[in-house]
1. Considering only the range 119-137, state which residues are assigned to a loop (DSSP other than H, G, I, E, B), in contact with a strand residue (DSSP E or B) (Cβ under 9 Å, 6 or more places away or on another chain) and at pLDDT below 95.
2. Do any strands (runs of 3 or more DSSP E) entirely within the range 235-333 hold 1 or more residues that are without any contact (Cβ under 8 Å) to a residue 40 or more places away in the chain and either open to solvent by 50 Å² or more (accessible area, probe 1.4 Å) or not hydroxyl-bearing (Ser, Thr, Tyr) (or both), and if so, which?
3. From PHE183, PHE191, which residue is open to solvent by 10 Å² or more (accessible area, probe 1.4 Å), of a type outside the set (Val, Ile, Thr) and part of a loop (DSSP other than H, G, I, E, B)?
4. Give the range 148-180 a look and list any residue that's aromatic (Phe, Trp, Tyr) and either over 25 Å from the mean Cα position of the chain (by Cα) or open to solvent by 20 Å² or more (accessible area, probe 1.4 Å) (or both), or say none.
5. Would you pick out the residues in the range 12-71 that are of a type in the set (S, T, N, Q) and surrounded by fewer than 18 Cβ atoms within 10 Å (Cβ to Cβ)?
6. Which one is surrounded by the most Cβ atoms within 10 Å (Cβ to Cβ) among residues in the range 225-234 that are touching a residue at least 40 places away in the same chain (Cβ under 8 Å) and touching a helix residue (DSSP H, G or I) at 6+ places or on another chain (Cβ under 8 Å)?
7. Do we find that PHE213 is open to solvent by 30 Å² or more (accessible area, probe 1.4 Å) and more than 27 Å from ALA21 (Cβ to Cβ) in this structure?
Amino acid sequence: MSVPRDSQRIVLAGASSLLGAELKSLLEESRFASWDLSLVDEETVAGTLTEAGGEPAVIQPVEEGTLERAKLIFFTGSAAFTERNLPAARESGAAVIDLSGAALNTPGVQVHFGVEGVGHNADKHQNLYAVPSAPGLATAKLLGALGPAGLARLSLIFFRPVSEAGRTGIEELESQTTQLLSFQPAGVPVFDTQVAFNLIDRFGPASRENLQFVRDRIRTEGLIAAGRNSVYPSIQVLHAPVFYGFTFTALAELNSTSSKEALAEISRKAGFTVDADSNSPLGNLSASGDSAIHLALPESDPAQPRSWWFWGAADNVRVPASTAIKLAEKLAE
């Protein structure tokens, strides 16, 4: 199906999610502010009253014809929701940008990291694009930055916030914190385990949240970023009892001698915000609301010559959402 050349219609599929809300906000501040924006999502949240462009708007279910005549379709909901609706989106002829991770292994997908020489560029002859998660984007940036410095090995541990589970995840951490401080049993309907005051490697067996699935997605993104001629990163993901923002630690082993100043400079050139003030601790709040990924100054490992530790933080919704907007702007040129 072809899309009218003058079409200025955007469909935001997964509009009720935190990522969807962030993307909607950025769309309203971008060159797409005057375009017609349709908000759709799962049947369970259809009918939810929200706003778009300062006006009241109602989130609609996906029905026959919902995705037609759109120039751009963004998927920001669950991977299962994307998988159900991706065939119709591709048949519509629109440029489809998936942020859910569902399209990563789809034949013909263009994975866009926003890093020169990593992943795929914005090829207008394709109609399916995937934007990685904040950890995937951070991994790609580190690979791109450290490759010219003689990177031999890269290992990363990401600490996942509860907002990755949506508003219900935030509410559960908040309620558990209150309950535990009041010496009451903690409710566990979302994570099936205590997540407040607790750093863990998995959730309870009855939880819909699965850290192994999260690891698999981020590892896939890392392998795609590495490509054929780069170092394949080792990646682990743990739950952190925080509301927003991924933090991560990385150990980079280099084939050549480098200095803290040189590594900080190539990190800046790669697009990181390097927080050089040693008196100001870098944490998840440091990156809140920022489209850039933050790094502290690298530290050498005294036990391993040519090995360097990196500590970083990224807004888990703003970073992928802003990357998707930049991709859409290139496609609309």
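1. To start, the set of residues in the range 119-137 that are assigned to a loop (DSSP other than H, G, I, E, B) comprises 120-127, 131-133.
Within this subset, residues satisfying the condition of being in contact with a strand residue (DSSP E or B) (Cβ under 9 Å, 6 or more places away or on another chain) are 120-124, 126-127, 131-133.
Within the range 119-137, HIS120, ASN121, ALA122, ASP123, LYS124, GLN126, ASN127 meet the criteria.
2. Those strands (runs of 3 or more DSSP E) span 273-275, 294-296.
3. Working: PHE191 fails: open to solvent by 10 Å² or more (accessible area, probe 1.4 Å).
One residue alone meets the criteria, PHE183.
4. From the range 148-180, those aromatic (Phe, Trp, Tyr) are 158-159; that's our starting set.
Within the range 148-180, PHE159 is the sole residue that qualifies.
5. Selection gives SER25, SER30, SER34, THR44, THR48, THR50, GLN60.
6. Kept after step one, since they are touching a residue at least 40 places away in the same chain (Cβ under 8 Å), are these residues of the range 225-234: 225-227, 230-231, 233-234.
Keeping just the survivors that are touching a helix residue (DSSP H, G or I) at 6+ places or on another chain (Cβ under 8 Å) gives 225-226, 230-231, 233.
On the way: ALA225: 25, ALA226: 19, SER230: 19, VAL231: 17, PRO233: 23.
Only one residue tops the list, namely ALA225.
7. No: the conditions fail for PHE213.
Yes/no per residue for (1) aliphatic (A, V, I, L, M); (2) in contact with a strand residue (DSSP E or B) (Cβ under 7 Å, 6 or more places away or on another chain); (3) at pLDDT below 95:
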| position | (1), (2), (3) |
| --- | --- |
| LEU263 | yes, yes, no |
| PHE272 | no, yes, no |
| ALA276 | yes, no, yes |
| ALA313 | yes, yes, no |
| ARG318 | no, no, no |
| SER322 | no, no, no |
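The values are calculated or read from the model by the stated rules, or taken from the named source; none is laboratory data. Worth saying up front: this structure is predicted, and the values here are computed from it rather than measured. Here the Cβ is made from the backbone with ideal geometry for all residues, glycine too, and neighbour counts use every protein chain on show. These accessible areas exclude ligands, DNA and RNA; they are computed on the full protein's heavy atoms, side chains included. Shrake-Rupley method; radii C 1.70, N 1.55, O 1.52, S 1.80 Å.
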